[in-house]
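Colleague: Quick one: the structure is below, and I'll ask about it shortly.
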Amino acid sequence: MKWIFLVASACLVLSGPALAMSQAECTSLWKVADVNGDGTLSGTEGDRYLAMMRIANQTVEADGTLTETRFHESCKTDIFKFAAVEAGAPLAGANSFTETQAKDRVVAYGLAKPAAMTKDENGIWRGSSMKDGKSINVAVDYKGNVVAQ
């Protein structure tokens, strides 16, 4: 009887939600993000993180900056965890994202300056963006998968 209880308890613990990013992980991520070391993310150093916050329906400052305190608050809720792109993406399907929302996903993925995007007959937003100073094609499907081609 004890074994059944122990196995059941272990299953409950192991099947629980993943833990949020640790303080150390958030601090490490901050150090990488705050390129100029001024204690605030602004301009291109903050674009990716602000896009992730908008995707998570978090309010962002009107001036486009992100303080270290706010960064850590958001980080602890896993807003800045990077999701893997699903196999076979971009996936066809009914896409409810606006063009602005699709562009936010492109920026959150780590690409810069997404150009105008259009939704194709498969519900996939397509356009171009910049990576390492070069223009590349990009697609965003209905699940939010970003594929750089």
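The values are calculated or read from the model by the stated rules, or taken from the named source; none is laboratory data. Remember, it's a predicted structure, so these values are computed and weren't measured experimentally. Cβ coordinates were reconstructed from backbone atoms using ideal geometry, including for glycine residues, and neighbour counts include every protein chain displayed. Each accessible area value is taken on the protein alone, full model and side chains, heavy atoms only, with ligands, DNA and RNA left out. Shrake-Rupley method; radii C 1.70, N 1.55, O 1.52, S 1.80 Å.
Colleague: With a 10 Å radius around each residue's Cβ, average the other Cβ atoms per peptide and rank 66-75, 98-107, 128-137, highest first.
Modeller: 98-107, 66-75, 128-137
Colleague: A further question on this structure: Averaged per residue, what accessible surface does the stretch 12-149 expose to a 1.4 Å probe, in Å²?
Modeller: That works out to 58 Å² per residue.
Colleague: Past 23 Å, Cα to Cα, is the threshold; run K81/K134; K76/K131; K81/K103 against it and keep the listed order.
Modeller: Check vs 23 Å cut-off fails for K81/K134; K76/K131.
Colleague: Across the stretch 134-148, in residue order, what do the Karplus-derived ³J(HN,Hα) couplings come to in whole Hz, using 6.51 cos²θ - 1.76 cosθ + 1.60 with θ = phi - 60° and x for Gly and Pro?
Modeller: Taking θ as phi minus 60°, the curve returns 10, 6, 10, 7, 9, 9, 10, 8, 5, 8, x, 5, 10, 10, 9 Hz for the stretch 134-148.
Colleague: What does the helix-only formula give at 222 nm for the chain: each DSSP H stretch with n ≥ 4 adding -39500 (n - 2.57), the total divided by the residues, and the result rounded to the nearest 500 deg cm²/dmol?
Modeller: -11000 deg cm²/dmol
Colleague: Another one. Quick one: pull the percent of accessible area on the stretch 71-149 belonging to carbon and sulfur, 1.4 Å probe, ligands and nucleic acids left out.
Modeller: 51
Colleague: What percentage of all Cα-Cα pairs in the stretch 21-99 are separated by more than 21 Å?
Modeller: The share of Cα pairs beyond 21 Å in the stretch 21-99 comes to 34 percent.
Colleague: In addition: Out of residues 5 or more away from D78 or on other chains, whose amide H comes under 5 Å of its own, with H placed 1.01 Å from N in the peptide plane?
Modeller: M21
Colleague: Follow-up. Roughly speaking, what % of Cα-Cα pairs in the chain are separated by over 21 Å, rounded to a whole number?
Modeller: 53
Colleague: What list of ³J(HN,Hα) couplings, whole Hz, do you get for the stretch 90-106 from phi and the Karplus terms 6.51, -1.76, 1.60, once you set θ to phi - 60° and write x for glycine and proline?
Modeller: Using θ = phi - 60°, the values come out as x, 9, 6, x, 5, 9, 9, 5, 7, 4, 4, 5, 5, 5, 4, 5, 5 Hz.
Colleague: How large a share of the accessible area of the stretch 23-62, in percent, is made up of carbon and sulfur atoms when the probe is 1.4 Å and the other protein chains stay in place?
Modeller: It is 49 percent, rounded to a whole number.
Colleague: Next question, about the same structure. Which FRET efficiency value, to the nearest 0.05, do you get for N137 and I55 by plugging their Cβ-Cβ distance into 1/(1 + (r/R0)^6) with R0 = 35 Å?
Modeller: Plugging the Cβ-Cβ distance into 1/(1 + (r/R0)^6) gives 0.95.
Colleague: Take the Cβ-Cβ distance between K76 and S96 as r, set R0 to 30 Å, and report the resulting FRET efficiency rounded to the nearest 0.05.
Modeller: Efficiency for this residue pair is about 0.55.
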